[in-house]
Amino acid sequence: MNGALKGLKVLDFSTLLPGPYATMMLADMGADVLRIESPTRPDLVKLLPPMDAGTSTAHAYLNRGKASLALDLKQPEAVEVVKRLVLEYDILVEQFRPGVMARLGLDYETLRAINPRLIYCSVTGYGQTGPYRDRAGHDINYLATAGVSSYTGRRDTGPCPIGVQVADVGGGSFHAVMGILAAVIERQGSGEGQSIDISMTDASFAMNAMAGAAWLGGGVEAELESTALNGGSFYDYYRTRDGRYFAVGSLEPQFMAQLCQALGCEEFASQGLSPDPRVQQQIKQRLSEAFADQDFAYWCERFAALDACVEPVLSLAEASQHPQLVAREMVVEVPREDGSLQPQPASPLRFSRSHSRPTRVGGALGSDGGRVLRSLGYSEAEVDAMKAARITL
């Protein structure tokens, strides 16, 4: 089977997490992705431990299925290589600050003149316009600016850093992929490409699905532990006697009834939907006491047979071996360059006819350079000259 995106060719100028995760998704679905990497300024993810066979596991995952061409974009010869590539690779993803690609002579308008079908996706923290367009930031800053952090955390300790990079991946990566594929569909009718401006802050603000609507449409501001879903109700995490945790999401009456029966607090079974914060705190206190009375293993066994929206909080080691994730084949063995295999998180997309299985882990810097340059018509002497001048590797 071929990937669903077979035939799409993507130039990837991004580093770190948001852009590489987006292009990994495209590669998993069959797109031909070519990374354009600097030979002098390495992607910092390459240095991120732990290492496996000398390669960062994060880099091997985020860049799986992609080819690599090292180019010093400050050199005119390297810019000419990109202009040749744009004739074939009609999707481009970049993650520089606004204006950098223009200074390199690789902005959308310049490349569009070469290939009008070009889809040019820019992923930045704050977007291509506005007073923050040139401001540095990371995931935690975008979530703070977008209002997400103001109601994510505890009253006594404040906002909390989230383990998954929500703004980077949910905001940057996912929205970039959606935007690119929407532009591909539009191009089928118009015959023309377009530029796409992805702001991780914009996306994070838009993901305030319930709290944002409540404020803008109803004038109700979300605060820490103030809503049913952010700790303001019994919908929460509970510590067991041995220091592990359970997640309780028993919002509907039928689930609440099972929860209360299992914990021996049937008196609260009909009060789960109460809007009274005092009632919610009473329920939370009772649930906390009940969970703290037994060890994690006891509650795992107790809730295993119940359909109550109650699940143990698993470590990554436990999650990777969970029967549900095993059945869904969410750990995949990806070939390394030497033919051995590295376990990685699988693509979560399931197609009935198209495959989404990665072909190889992220490769070494410039590992496909000679092949790519020769395919563009460069002679061996020209390739050697560019290597000698450190334009490529």
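All of the numbers you see were taken from the coordinates with simple rules; none came from a lab. Because the structure is predicted, anything quoted here is derived from the model rather than measured. Every residue, glycine as well, gets a Cβ built from its backbone with ideal geometry; the counts of neighbours run over all protein chains shown.
Quick notes on this structure:
- Mean-square fluctuations from a GNM of the chain, with a 10 angstrom spring cutoff on Cα atoms, peak among Ala213, Ala136, Ala317 at Ala317.
- In order along segment 78-86, phi translates into HN-Hα couplings of 5, 4, 5, 4, 4, 5, 5, 4, 4 Hz, rounded to whole numbers, per the Karplus curve 6.51 cos²θ - 1.76 cosθ + 1.60 with θ = phi - 60° and x for Gly and Pro.
- Partner lysines whose Cα lies under 16 Å from the Cα of Lys74, excluding those fewer than 8 positions away in the same chain, are identified as Lys83, Lys387.
- Taking the DSSP bridge list for the chain and keeping only pairs wholly inside it, about 40 percent are antiparallel.
- Coupling constants for segment 230-236 follow from the phi torsions by the Karplus curve (6.51 cos²θ - 1.76 cosθ + 1.60, θ = phi - 60°), and in residue order they are 10, x, x, 9, 6, 5, 6 Hz; glycine and proline get x.
- Arg133 sits among other residues whose Cβ lies under 14 Å from its own Cβ, and their net charge, with Lys and Arg +1 and Asp and Glu -1, is -1.
- Look at where the Cα atoms of segment 143-159 and of segment 314-336 average out, and the two centres are 31 Å apart.
- Between the amide H of Gly363 and those of Lys66, distances stay under 5 Å, these residues lying 5 or more places away or on another chain, with hydrogens modeled in the peptide plane.
- Taking only Cα atoms of the chain, radius of gyration then Dmax in Å: 24.8, 83
- Sites matching trypsin sites (Lys or Arg not before Pro) across segment 310-388 that sit in DSSP coil, with at most 14 neighbouring C-beta atoms within 10 Å: Arg328, Arg350, Arg353
- Computed from backbone phi with θ = phi - 60° and the Karplus coefficients 6.51, -1.76 and 1.60, the 3J(HN,Hα) list for segment 52-62 is 10, 6, x, 10, 4, 5, 5, 5, 4, 7, 5 Hz; x is used for glycine and proline.
- Residues whose amide H falls under 5 Å from that of Val313, counting only those 5 or more places apart or on a different chain, are Tyr245, Phe246, Ala247, with hydrogens built in the peptide plane.
- Database remark: amide H of Ile91 closer than 5 angstrom to the amide H of Lys9, Leu11, Ile119 (H placed geometrically; neighbours at sequence offset of 5 or more, or on other chains; Pro and chain starts carry no H).
- Note on the chain: with a GNM built from Cα contacts shorter than 10 Å, the maximum mean-square fluctuation among Val81, Val361, Val220 falls on Val220.
- When the chain is treated as a GNM with alpha-carbon contacts under 10 Å, the residue of Val169, Val310, Val177 showing the greatest mean-square fluctuation is Val310.
- Between 0 and 90°, nearest 10: helix 253-263 axis offset from the chain longest Cα axis: 70 degrees
- The long axis of helix 18-28 is offset from the longest Cα principal axis of the chain by roughly 80 degrees.
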